[in-house]
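The values are calculated or read from the model by the stated rules, or taken from the named source; none is laboratory data. Given the structure is predicted, the values throughout are model-derived calculations rather than measurements. Cβ: placed from backbone, ideal geometry, glycine included. Neighbour counts: every protein chain shown.
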Amino acid sequence: MSLRATISRKFLLQMALSREGRNSVLSHYHFFLKSQYWDKNRLREYQLSKLKIIIEHAYNSTAYYRELFDRNGIQPKAIQDFDDLQKIPILTRDVIFANQNNLISQAIDKSRIQTVMTGGTTGQQATICRDIESANLKMGSAYRFESFMGRKPSDKMAIFWPAHIDFMHKRSFKEMIKSRYILGDVAFYTGNYDVELFQKYFAELKDINPEFIKAFPSALNIFTDFLVDKHLRPMAIKGILTSGEVLNDIQRNRFENFYQCPVYNLYSSREAGNSASECAMHSGLHIAMETTIVEFAEGMSRVPEGKIGYILITDLTNFAMPLIRYRIDDSGAGLAESCTCGRNLDLMSPVVGRLTDDFYSPDGRRHSGNTLGYYITTNQDFPIGQIQIIQETLLDFKVRITDKPTPNKRILDFIKAQMHEIIGNEINIDIEIVKELPREKSGKLRFVKCNYKPGN
Ligand SMILES: [Zn+2]
């Protein structure tokens, strides 16, 4: 891009943000570019000061937290450090659903509140409220993460997304135009392989010439299948940021080889926005400590660094609906190492699995679906397509596996052997090879589904 075009894009972006009263986005972004290099103690202190403020605010202005704290004998002032935080019971999607109104702060101007739905893969979706300043901070944080791959906020980025709900509703034509030509993000819906549609996308991409890609791994994978099938040359891309689903090594290698650029794994959720991202060292994901506390827990207690636990998010920015220790239905581990890139933001492991359903072994024990994910998709040295495991009854399991690459006997035997070892030798495993895995309404792929209910 010419210097003149760069300057005018930057100017347009500033104008667009300013028109919406979102001037602060870029100042947050510039702040995060500096704070990420603060020393660890200063970052920790900053995080703790924000935590105390949000806890006080939650107690004083929401019926839910006042009742929760009082019932458990917790004084907001008693939460003085990160260990004290473990006294606060966790928040789940079901709790949000049941306490929708009681979680909303009475101290926030209602006209400054936006709503988003939780990213539920099954069951009830709950509404999350967020004040505009929180959204601005999250956008500044998103730009900071994108800077890890060299993107400046005004650089053009193509987005490959499978989720209908982001595109089908509430997105006016004007918003589309603004996003495409001013904010620099051009979104393509690639939930299903569609040759005609993808041909149009390809023409549009050549025209727009994006420098970066942001994508659900499965959505970019589908579009990449199309480019490969049609012998089309990929766009010249400087970096790919993936989020929304677990990125596996096969997808990462494929994207890096095909697009000839590094892939960065971002951890984000609909509820709390961008929480962590890989830098160019790829030695874990840096947590956005200025806006978020990420804990890895078993029940209410944190697990040691390096050990996998459920992810609990405390959003330090959301004063409209405080989310404190929200169990986000993902698992991961905190890492003790520091990164050689010089940023002192804490590191976490890649997310090992979306909270898939739990499943049951014949002896009645319940297991996390992530266990299967870990042993089947990461502990092997041959390529494997996308996979879904469904428990139909206590003894009957179905495995769906995609045909790219066509799974050979060795792969199928490996999957069966792993499942027998983890679940039990008595189970029956029916393997079905499919073109595509069925998606949930949210567009996500569910790795383990359990249709069996204990007691049936
Ligand atoms: Zn780093």
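Key figures for this structure:
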| quantity | calculated |
| --- | --- |
| Flag for VAL25 being assigned to a strand (DSSP E or B) and touching a residue at least 40 places away in the same chain (Cβ under 8 Å) | no |
| Count of residues meeting criterion [more than 14 Å from the ligand (Cβ to nearest atom) and either in a strand (DSSP E or B) or of a type in the set (Phe, Trp, Tyr) (or both)] in segment 268-304 | 14 |
| Filter pass, GLY342 being within 16 Å of the ligand (Cβ to nearest atom) and assigned to a loop (DSSP other than H, G, I, E, B) | yes |
| Where a residue in segment 78-101 is buried (at least 18 other Cβ atoms within 10 Å of the Cβ) and assigned to a helix (DSSP H, G or I) and its partner, wherever it lies, is modelled with pLDDT under 90 and among the hydroxyl-bearing types (Ser, Thr, Tyr), with Cβ under 9 Å and at least six apart | ARG93/THR118; ILE96/THR118; ILE96/THR127 |
| Test: residue in segment 306-320 that is modelled with pLDDT of 95 or more and farther than 25 Å from ASN102 by Cα | no |
| Unmet requirement for VAL351, which otherwise passes all of (1) part of a loop (DSSP other than H, G, I, E, B); (2) in contact with a helix residue (DSSP H, G or I) (Cβ under 9 Å, 6 or more places away or on another chain); (3) surrounded by 20 or more Cβ atoms within 10 Å (Cβ to Cβ) | (2) |
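Yes/no per residue for (1) surrounded by fewer than 22 Cβ atoms within 10 Å (Cβ to Cβ); (2) over 18 Å from the mean Cα position of the chain (by Cα); (3) within 22 Å of GLY385 (Cα to Cα):
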| site | (1), (2), (3) |
| --- | --- |
| ALA187 | yes, no, no |
| ASP194 | yes, yes, yes |
| ALA215 | no, no, yes |
| MET235 | yes, yes, no |
| LYS238 | yes, yes, no |
| GLU256 | yes, yes, yes |
| ALA276 | no, no, no |
| CYS279 | no, no, no |
| HIS286 | no, no, no |
